[in-house]
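Asks: Handing you a structure now.
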Amino acid sequence: MHRPRLILGSLDAIEAALGDELRRWKAVDPLAPPLLLVGDVLIGIYLRRRLARLAGGHVNLPVMTPGHLARLLGEPALLAEGRTPLPAGGQHLLAEEIALGAGGYFAPVRQAPGFAQALDRLFRELREAGVDPEGFRAAVSQAEVNQEKCTALAHLYARYAERRRGFYDGLDTYAVADPSRLDAPAVLVYGISQPSGLLRRLLERLMETRPVTVFLPRTVPEADRAHREMIDWLTSLGAGEEPAPEPVPDREPTALDHLRATLFHPAGGTEPDGTVRL
């Protein structure tokens with residue numbers, strides 16, 4: 001298994017480090033770039049333009065969100081099993097069906113619209129965390145408060161899983177994703193600070209066959225808490241924290257540069273130059 005790399009620094013520093021990493025892979029094979037895994041579509045659009053400048057251009061660079069990657073690697077296996085894609089809104093409809101059939105503890109609220117919405121949200125969060133009905137039932141059996149409520153939720157979650165057994169959606173593709181289907185020599189991760197349990201497991205499977213490098217911004221301690229859990233996870237897999245060197249500016253710094261660099265710091269002021277207006 002490849003040990004992941006963890007590169008930390010300011011936004012400018014990690015973007016420059018990402019450009020350097022792409023140039024390194026281009027030198028190995030210009031037509032076999034790594035996969036750039038991004039937090040959302042907008043980050044991908046931004047990075048394509050940014051890296052065209054930082055990396056001296058890029059050819060055939062695959063830029064994907066985690067959901068896109070999971071579908072690419074896992075959907076063929078689900079289709080081969082004969083499972084049917086869940087139509088848009090199907091997740092919520094199934095949650096409504098389970099809610100309306102609830103008895104016991106939840107019988108008084110089973111027709112309340114908010115109950116179905118809460119179940120829908122709970123079921124999705126459990127699935128994103130990689131918790132199956134058996135694992136949820138085992139966890140709630142040890143609950144120290146409101147055992148009746150927890151047991152009823154576990155029963156509803158098991159019914160929900162059984163009801164959707166012949167269907168699949170994007171979350172199902174994570175568990176069966178086959179890393180061998182990915183035609184990329186490495187994975188570069190940018191803009192993902194709090195990966196779900198499903199995404200962590202997928203990244204760990206990818207690490208078995210190729211290097212994975214994660215780029216995270218380092219600012220002030222208060223902001224760093226957002227990705228503290230991810231740093232701890234990567235460290236547990238053997239990653240060491242690599243500081244990204246600050247890029248050398250190609251011009252004199254402006255008042256806007258000063259504002260960007262010190263936005264969350266108790267720093268002093270600078271001379272106005274027209275690049276920032278209030």
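Asks: Starting from the Cα of Val131, step 7 Å along the direction of its Cβ; do the same at Val41; then give the gap between the two resulting points in nm.
Replies: Placing both labels 7 Å beyond Cα along the Cβ direction yields 3.1 nm.
Asks: About the Cα centre of segment 189-278, how large is the charge dipole given +1 on each Lys and Arg Cβ and -1 on each Asp and Glu Cβ? Please answer in debye to the nearest 20.
Replies: With only Lys, Arg, Asp and Glu charged at Cβ, the dipole is about 460 debye.
Asks: In Å, what Rg and Dmax follow from the Cα atoms of segment 171-266?
Replies: For segment 171-266, the Cα-based Rg and Dmax read 17.1, 51 Å.
Asks: Using DSSP to call loops (not H, G, I, E or B), can you name the GluC sites (Glu not before Pro) in segment 146-222 whose Cβ has at most 10 other Cβ atoms within 10 angstrom?
Replies: Answer in residue order: Glu208.
Asks: Hey, could you get me the Stokes-Einstein D for segment 58-217, Kirkwood radius over alpha-carbon pairs, 10 °C and 1.306 mPa s, rounded to whole µm² s⁻¹?
Replies: Stokes-Einstein gives a translational diffusion coefficient of 90 µm²/s.
Asks: Under 17 Å from a point placed 7 Å out from the Cα of Thr262 along the Cα-to-Cβ direction: which residues of segment 8-41 have their backbone N that close?
Replies: Nothing falls inside the zone, counting backbone N under 17 Å.
Asks: If you take every residue apart from Glu241 with its C-beta less than 15 Å away from the C-beta of Glu241, what net charge results, scoring Lys and Arg +1 and Asp and Glu -1?
Replies: 0
Asks: To the nearest 20 Debye, how big is the dipole of segment 70-210 about its Cα centre, given +1 on the beta carbon of each Lys and Arg and -1 on that of each Asp and Glu?
Replies: 80 debye
Asks: Based on alpha-carbon atoms only, what is the radius of gyration of the chain relative to the globular estimate 2.2 N^0.38 Å?
Replies: That ratio works out to 1.23.
Asks: What is segment 22-76 by shape, rounded, prolate or oblate, if you read a ≥ b ≥ c off the alpha carbon gyration tensor as root eigenvalues and call it rounded for a/c under 1.5, prolate for a/b larger than b/c, and oblate otherwise?
Replies: Oblate is the answer for segment 22-76, as a/c is 1.5 or above yet b/c matches or exceeds a/b.
Asks: Multiply the residue gap between Glu162 and Ala88 by 0.36 nm, knock off their C-alpha separation, and tell me the result in nm, one decimal place.
Replies: 24.7 nm
Asks: Would you calculate, for the chain, the mean residue ellipticity at 222 nm contributed by helices, counting each DSSP H stretch of 4 or more residues as -39,500 (n - 2.57) and dividing by all residues, to the nearest 500?
Replies: -15000 deg cm²/dmol
Asks: With θ taken as phi - 60° and the coefficients 6.51, -1.76 and 1.60, list the Karplus ³J(HN,Hα) couplings across segment 120-133 in order, rounded to whole Hz; mark glycine and proline as x.
Replies: Per-residue couplings from phi come out as 4, 5, 4, 4, 5, 5, 5, 5, 4, 7, x, 9, 8, x Hz.
Asks: Further question on the same structure: Only sites in a loop by DSSP and with at most 15 other Cβ atoms within 10 Å count here; which trypsin sites (Lys or Arg not before Pro) in segment 131-165 make the cut?
Replies: Arg165
Asks: In addition: Projected onto the charge dipole of segment 1-123 (+1 at Lys/Arg Cβ, -1 at Asp/Glu Cβ, origin at the Cα centre), which of Leu37, Gly89, Pro108 gives the Cα projection farthest towards the positive end?
Replies: Positive-most Cα among the choices belongs to Leu37.
Asks: I would also like to ask the following. Could you give each residue of segment 195-201 its phi-based ³J(HN,Hα) in whole Hz, using Karplus coefficients 6.51, -1.76, 1.60 with θ = phi - 60°, and x for Gly or Pro?
Replies: Going residue by residue, I get x, 6, x, 5, 5, 4, 5 Hz, with x marking Gly and Pro.
Asks: Of all alpha-carbon pairs in segment 75-157, indicate the percentage at a distance above 21 angstrom.
Replies: 37 percent
Asks: I'd like the distance between the alpha-carbon centres of segment 74-119 and segment 42-57, rounded to an integer number of Å.
Replies: 39 Å
Asks: I'm checking a number: the convex hull volume of the Cα atoms of segment 109-198, normalised per residue, in Å³. What is it?
Replies: Considering the Cα atoms of segment 109-198, their hull volume per residue is 152 Å³.
Asks: What list of whole percents do you get for P(r) of segment 5-97, with Cα-Cα distances grouped in 5 Å bins up to the one holding the largest distance?
Replies: Distribution as computed: 2, 11, 16, 18, 16, 10, 7, 8, 8, 3, 1, 0 percent.
Asks: Sorted by accessible area (1.4 Å probe), largest first, how do Thr275, Thr254, Thr173 line up?
Replies: The most accessible residue leads, giving Thr275, Thr254, Thr173.
Asks: Please compute the contact order of the chain in relative form: average sequence separation of alpha-carbon pairs under 8 Å and at least six residues apart, divided by the residue count, as a percent.
Replies: Dividing the mean separation by the residue count of the chain yields 34 percent.
Asks: Only Lys, Arg, Asp and Glu count, each charged at its Cβ (+1, +1, -1, -1), so figure out the dipole size of the chain about its Cα centre, rounded to 20 debye.
Replies: The calculation lands at about 560 debye.
Asks: A further question on this structure: For the pair Glu81 and Ser236, how long in nm is the line joining their label points, each one 7 Å along Cα→Cβ?
Replies: 2.6 nm
Asks: What FRET efficiency do you get for Leu122 and Ala52 if R0 is 30 Å and r is their Cβ-Cβ distance, rounded to the nearest 0.05?
Replies: Rounded to the nearest 0.05, the efficiency is 0.10.
The values are calculated or read from the model by the stated rules, or taken from the named source; none is laboratory data. Just so you know, these numbers come straight off a predicted model, no measurement behind them. As a convention, Cβ positions derive from the backbone with ideal geometry for all residues, glycine included, and neighbour counts pool all protein chains shown. With ligands, DNA and RNA removed, areas are computed over all heavy atoms of the protein, side chains included. Shrake-Rupley method; radii C 1.70, N 1.55, O 1.52, S 1.80 Å.
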